[in-house]
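Asker: Got a structure for you, questions after.
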Amino acid sequence: MSDAPATAPRSGLRLLHVHAHPDDESSKGAASTAKYVAEGAEVHVATCTGGERGSILNPKMDRPEIAENITEVRRQEMERARDILGITQHWLGFIDSGWPEGDPKPPLPEGCFALVPLEEAAAPLVRLIRELRPHVLTTYDERGGYPHPDHIKCHEISVAASAWAADPEKYPELGEPWQVSKLYYHHSFNRQRMQSLHDAMVAHGLESPWEERLREWKPEPEWDARVTTKVPCGEYFGVRDQALLAHATQIDPDGFWFAVPRELQVAVWPTEDFELVTSHVSAPTPEDDLFAGITLGATIPSEA
Ligand SMILES: [Zn+2]
């Protein structure tokens with residue numbers, strides 16, 4: 001919950017981000033989260049899994065006592081990130097599916113999130129949407145942002161639950177129906193953004209971390225054109241970075257996340273980018289605000 005006064009510009013507005021693992025809330029959309037919290041909105045994060053099968057990605061944290069207690073360690077990291085971002089966080093209680101490695105890929109582990117049937121997997125989120133009554137919900141695109149099975153599942157349950165939460169026929173035992181006004185996909189892994197940051201690094205004589213990645217990643221103009229919404233949030237990149245660092249097992253402070261100087265990021269790409277997928281309010285795109293078109297107490301449902 002934010003401590004912003006009731007007269008804050010976003011007072012009364014509610015945003016729910018649905019993420020697959022602890023740390024995803026800090027690596028996707030975290031600066032806009034911090035901005036909306038600072039402006040008085042109520043921002044919630046639903047985390048589908050506990051990140052139980054995540055690898056330790058920071059060599060400085062790769063120690064046996066941490067690996068043995070990874071679930072508890074990641075829970076504590078999430079609490080720190082939550083406090084830094086000023087959000088309220090909710091665990092949906094599913095088990096991390098892990099990143100399948102090998103050729104051919106091994107079957108997903110029994111009981112993992114990705115294998116839970118959709119109707120069952122969406123139920124806790126339907127309940128949460130009806131309880132929190134968010135005006136805006138964000139999730140990943142149909143490719144998962146990147147193709148981790150939990151990210152794709154997160155997309156599927158978010159799209160289904162935001163529709164089902166509004167349907168009185170669905171899960172009548174899980175609360176009063178609630179219509180989310182706007183549903184967005186994150187566009188965090190954006191080739192244009194990476195190219196712009198890369199070009200700026202090179203222009204400043206700095207070593208870019210993206211050289212190889214950009215060579216392999218062909219331009220995707222049609223995909224890039226799906227971005228409808230660019231939220232200016234450069235002044236909150238510092239909060240985003242602190243939240244990321246709180247996930248110490250997942251984020252190497254000497255790794256690529258921090259290879260581009262923050263000043264350069266602010267100068268070159270000071271927004272976080274989203275795609276408006278469903279809207280029940282009048283909100284012409286392009287826009288620069290996830291809450292555009294939402295008027296408290298006067299939301300007129302209409303299909304977009
Ligand atoms: Zn993830």
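The values are calculated or read from the model by the stated rules, or taken from the named source; none is laboratory data. For clarity, every value in this text was computed on a predicted model and none was experimentally measured. Note: ideal-geometry Cβ built from the backbone for every residue, glycine included; neighbour counts use all protein chains shown. When the accessible area is computed, the model is the full protein with side chains, heavy atoms only, and any ligands, DNA or RNA have been set aside. Shrake-Rupley method; radii C 1.70, N 1.55, O 1.52, S 1.80 Å.
Asker: Is the C-alpha gyration tensor of the stretch 69-132 telling us rounded, prolate or oblate? Criteria: a/c under 1.5 is rounded; beyond that, a/b larger than b/c is prolate, otherwise oblate.
Answerer: Judged from the Cα gyration tensor, the stretch 69-132 comes out oblate (a/c at least 1.5, b/c at or above a/b).
Asker: Among the DSSP beta bridges whose two residues both lie in the chain, what percent are antiparallel, rounded to the nearest 5?
Answerer: 30 percent
Asker: What accessible area per residue comes out for the stretch 237-299, rounded to a whole number of Å², with a 1.4 Å probe?
Answerer: On a per-residue basis, 43 Å².
Asker: Hey, if we sort Lys170, Lys182 by accessible area with the 1.4 Å probe, largest down, what's the order?
Answerer: Most to least solvent-accessible, the answer reads Lys170, Lys182.
Asker: Still on this structure, please answer the following. So what is the calculated 222 nm ellipticity per residue for the chain, using -39500 (n - 2.57) for each DSSP H run with n of 4 or more, over all residues, to the nearest 500 deg cm²/dmol?
Answerer: Roughly -10000 deg cm²/dmol at 222 nm, from the helical runs in the chain.
Asker: Separation of the stretch 135-179 and the stretch 232-251 by C-alpha centroid, Å?
Answerer: The stretch 135-179 and the stretch 232-251 have Cα centres spaced 26 Å from each other.
Asker: Please report, largest first and rounded to whole Å, the three semi-axes of the ellipsoid equivalent to the stretch 1-159, where each semi-axis is the square root of five times an eigenvalue of the C-alpha gyration tensor.
Answerer: 28, 19, 13
Asker: Next question. Could you tell me which of rounded, prolate or oblate describes the stretch 168-304, using a ≥ b ≥ c as the square roots of the eigenvalues of the alpha-carbon gyration tensor, with rounded for a/c under 1.5 and, failing that, prolate when a/b is larger than b/c and oblate otherwise?
Answerer: prolate
Asker: Across the chain, how many lysine pairs, 8 or more apart or on two chains, come within less than 21 Å at their alpha-carbon atoms?
Answerer: 10
Asker: Further question on the same structure: With a ≥ b ≥ c taken as the square roots of the eigenvalues of the C-alpha gyration tensor of the stretch 94-210, please select rounded if a/c is under 1.5 and otherwise prolate if a/b is larger than b/c or oblate if it is not?
Answerer: oblate
Asker: Computing the accessible area with a 1.4 Å probe over protein heavy atoms, can you report the carbon and sulfur percentage for the stretch 31-73?
Answerer: 51 percent
Asker: Using the Cα atoms of the chain, I'd like the radius of gyration and the largest Cα-Cα distance, Dmax, both in angstrom.
Answerer: For the chain, the Cα-based Rg and Dmax read 19.1, 60 Å.
Asker: Going by amide H atoms built from the backbone, whose H comes under 5 Å of the H on Glu272, apart from near neighbours?
Answerer: HN-HN under 5 Å from Glu272: Val231, Cys233.
Asker: If you count only protein heavy atoms and use a 1.4 Å probe, how large is the accessible surface of Tyr184, to the nearest 10 Å²?
Answerer: Rounded to the nearest 10, that gives 0 Å².
Asker: Of Gln192, Gln179, Gln250, which has the largest mean-square fluctuation in a 10 Å C-alpha GNM of the chain?
Answerer: Per the Cα network of the chain with a 10 Å cutoff, Gln192 tops the list.
Asker: How large a share of the accessible area of the stretch 189-293, in percent, is made up of carbon and sulfur atoms when the probe is 1.4 Å and the other protein chains stay in place?
Answerer: Answer for the stretch 189-293 is 54 percent, counting heavy atoms of protein chains only.
Asker: Assigning unit charges at the beta carbon (Lys, Arg +1; Asp, Glu -1) and nothing else, what dipole magnitude in debye, to the nearest 20, does the chain show about its Cα centre?
Answerer: 440 debye
Asker: How much accessible area per residue does the stretch 1-139 have, counting only protein heavy atoms and a probe of 1.4 Å, in square angstrom?
Answerer: 44 Å²
Asker: Here's something else I'd like to know. At 1.4 Å probe size, put Arg193, Arg143, Arg74 in order of accessible surface, largest to smallest.
Answerer: From most accessible down to least: Arg143, Arg193, Arg74.
Asker: Follow-up. Kindly provide the pair-distance distribution of the stretch 207-251 built from C-alpha pairs, with 5 Å bins from 0 and whole-percent values in order of increasing distance.
Answerer: Result returned by the calculation: 5, 14, 11, 12, 24, 24, 8, 0.
Asker: Still on this structure: Top mean-square fluctuation among Thr139, Thr88, Thr285, Gaussian network model of the chain, C-alpha springs under 10 Å?
Answerer: Thr285
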